[in-house]
Amino acid sequence: MSKNCELVIEDESIRRYLLGELTAEDESALEERFFDDDECFLSIDAVSTELVRDYLAGDLSPKERQLFES
């Protein structure tokens, strides 16, 4: 993860983004970083893969599972 991306986006924020739990403002900020920084894109891709693995393993909380499936 690049230093800029690291300062702006943490894995938990990415996870919340992927599950649709961020505010519109935070979502926009993350998307801006996502499109402007290849390192951020790779971070989001990695967290997305982890989220899918957690889903398939049954490791998501009931709330996360519901959000993931919607």
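The values are calculated or read from the model by the stated rules, or taken from the named source; none is laboratory data. Since this is a predicted model, take the numbers as computed values, not measurements. Here Cβ is always computed from backbone atoms with ideal geometry, including for glycine, and neighbour counts include all displayed protein chains. SASA here: full protein model, heavy atoms, side chains in, ligands and nucleic acids out. Shrake-Rupley method; radii C 1.70, N 1.55, O 1.52, S 1.80 Å.
Values as computed for the structure displayed
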read-out	value
Whichever residue in region 39-70 is within 20 Å of E10 (Cβ to Cβ) and not in a helix (DSSP H, G or I) and, among such residues, is most open to solvent (accessible area, probe 1.4 Å)	D59
Those residues of region 39-55 which are aromatic (F, W, Y) and at pLDDT 90 or above, in sequence order	Y55
Residues of region 15-38 that turn out to be open to solvent by less than 40 Å² (accessible area, probe 1.4 Å) and either at pLDDT 95 or above or closer than 14 Å to L67 by Cβ (or both), as a count	3
